[in-house]
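Here's the structure we're looking at; comments come further down.
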């Protein structure tokens with residue numbers, strides 16, 4: 001019925017897959033990625049839990065209006081989130097061997 005692997009073999013495989021996914025989640029949570037806007041005038045660091053860890057504004061922005069600075073900050077955060085999605089996707093793909101999962105792992 002189980003192709004010779006038996007129920008015990010299937011359970012071991014499932015446990016190994018679960019461990020790989022848990023390890024991948026820990027790797028993602030430990031990530032820190034940077035996003036930039038306007039050639040680096042605004043830089044943002046986001047961690048694997050989607051928390052903004054650092055914002056760096058160039059002194060060149062002193063003469064800019066606050067709306068523009070806000071837009072640049074938003075663009076930098078979005079850039080960092082895009083980078084985080086790409087990196088976490090690579091880690092998950094490695095953990096699952098490229099297998100598509102029917103659910104979202106939350107990272």
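Do we find a residue being free of Cβ contacts under 8 Å to residues at least 24 places away in the same chain and under 30 Å from residue 23 (Cα atoms) anywhere in the stretch 70-81? No - not one qualifying residue is present in the stretch 70-81.
Filtering the stretch 29-55 to residues that are closer than 24 Å to residue 90 by Cβ and part of a loop (DSSP other than H, G, I, E, B) leaves 31, 48, 49, 50, 51. Beta carbons closer than 9 Å, at least 6 apart along the sequence or on distinct chains, never pair a first residue in the stretch 1-21 that is under 27 Å from residue 92 (Cβ atoms) with a second that is in a helix (DSSP H, G or I) and at pLDDT below 80.
Scan the stretch 56-101 for residues that are within 18 Å of the chain's Cα centre (by Cα), exposed (fewer than 15 other Cβ atoms within 10 Å of the Cβ) and either at pLDDT 95 or above or not in a loop (DSSP other than H, G, I, E, B) (or both) and the total you get is 9.
Does at least one position in the stretch 9-23 carry a residue that is in contact with a helix residue (DSSP H, G or I) (Cβ under 8 Å, 6 or more places away or on another chain) and either in a loop (DSSP other than H, G, I, E, B) or on the phi > 0 side of the Ramachandran plot (or both)? Checked the stretch 9-23: no residue is in contact with a helix residue (DSSP H, G or I) (Cβ under 8 Å, 6 or more places away or on another chain) and either in a loop (DSSP other than H, G, I, E, B) or on the phi > 0 side of the Ramachandran plot (or both).
The values are calculated or read from the model by the stated rules, or taken from the named source; none is laboratory data. The shown structure was predicted, so the numbers you read here are calculated from the model rather than taken from an experiment. Positions of Cβ are generated from backbone atoms using ideal geometry, with glycine treated the same way; all protein chains shown enter the neighbour counts.
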